[in-house]
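These notes concern the structure reproduced below.
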Amino acid sequence: MFLGMGLFKTGVLSGQASRSFYLRLTLASYAFGLAFRTWSIHARWEAEFSPVLWAWASFDQFARVALTLGHVGLFYLLWSALSDSRFMRALAATGRMALSNYLLQTIIANLIFSGIGLGLFGLFDFSTVFLIMIGIWITQIFFSLWWLSRYCYGPFEWVWRGLTYGKLPKTNTVTGDKAAIQ
């Protein structure tokens, strides 16, 4: 928690550090984290996963923190390289409709797999379920782009905003009164 607060306060978590900083953070963190994690797994394997060795697992937290810092650095490197790409715009649109996409994903999966829908639970192997999941994600990305080209908020975000402020925004259309929806 303190590490995260420090990273936020210094601007690391808001993308304000230099690309060279994020590159050094990524390389150093992954080097330490992967080396320590590899040693830890090897030690457990050699000890045949003895419970006595699990005391060393507490030191594994250092590897987790290092790998997390590596992920942070890599994320910001990728973000800076791809921020103006179509992929990132599509991902941003999907994020702007996070509540709607989450609820729609739940509804779609229930309609496919549960008894209230097609009742297909347990009929597919892992790879088929994975392909279905990818199909839902791709559909949601295109739906988010389409929806946000016409409306300012996702459908559930619009309702949630109304519930939060006690009244629905006057308009949700992109060409509508912008002041009424801010």
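Where a number appears in this text, it was derived from the coordinates with a stated rule and is not lab data. Because the structure is a prediction, the values reported are computed rather than measured. Every residue, glycine among them, receives a Cβ derived from its backbone with ideal geometry; neighbour counts consider all protein chains shown.
Would a scan of region 42-61 turn up a residue that is surrounded by 11 or more Cβ atoms within 10 Å (Cβ to Cβ), under 30 Å from Thr139 (Cα atoms) and not hydroxyl-bearing (Ser, Thr, Tyr)?
No.
Among all residue pairs at least 6 apart or on different chains, which show Cβ distances below 9 Å where the first residue, located in region 72-92, is closer than 24 Å to Gly33 by Cα and touching a residue at least 60 places away in the same chain (Cβ under 8 Å) and the second is in a helix (DSSP H, G or I) and β-branched (Val, Ile, Thr)?
Val72/Val12; Val72/Thr26; Tyr76/Val12; Tyr76/Thr26
Would you mind stating whether Thr164 is assigned to a helix (DSSP H, G or I) and exposed (fewer than 13 other Cβ atoms within 10 Å of the Cβ)?
yes
Going through region 122-145 one residue at a time, which ones are over 20 Å from the mean Cα position of the chain (by Cα) and exposed (fewer than 13 other Cβ atoms within 10 Å of the Cβ)?
Gly122, Leu123, Asp125, Phe126, Ser127, Thr128
With the checklist (1) part of a helix (DSSP H, G or I); (2) under 27 Å from Arg86 (Cβ atoms) in hand, flag the one item Tyr153 doesn't pass.
It is condition (1) that Tyr153 fails.
Just to be sure I understand the filter: pairs with C-beta atoms under 9 Å, separated by 6 or more residues or on different chains, first member in region 132-152 and over 9 Å from Asn101 (Cβ atoms), second member of a type in the set (Lys, Arg). Which pairs pass?
From region 132-152, the pairs are Leu145/Arg89; Leu148/Arg96; Cys152/Lys178.
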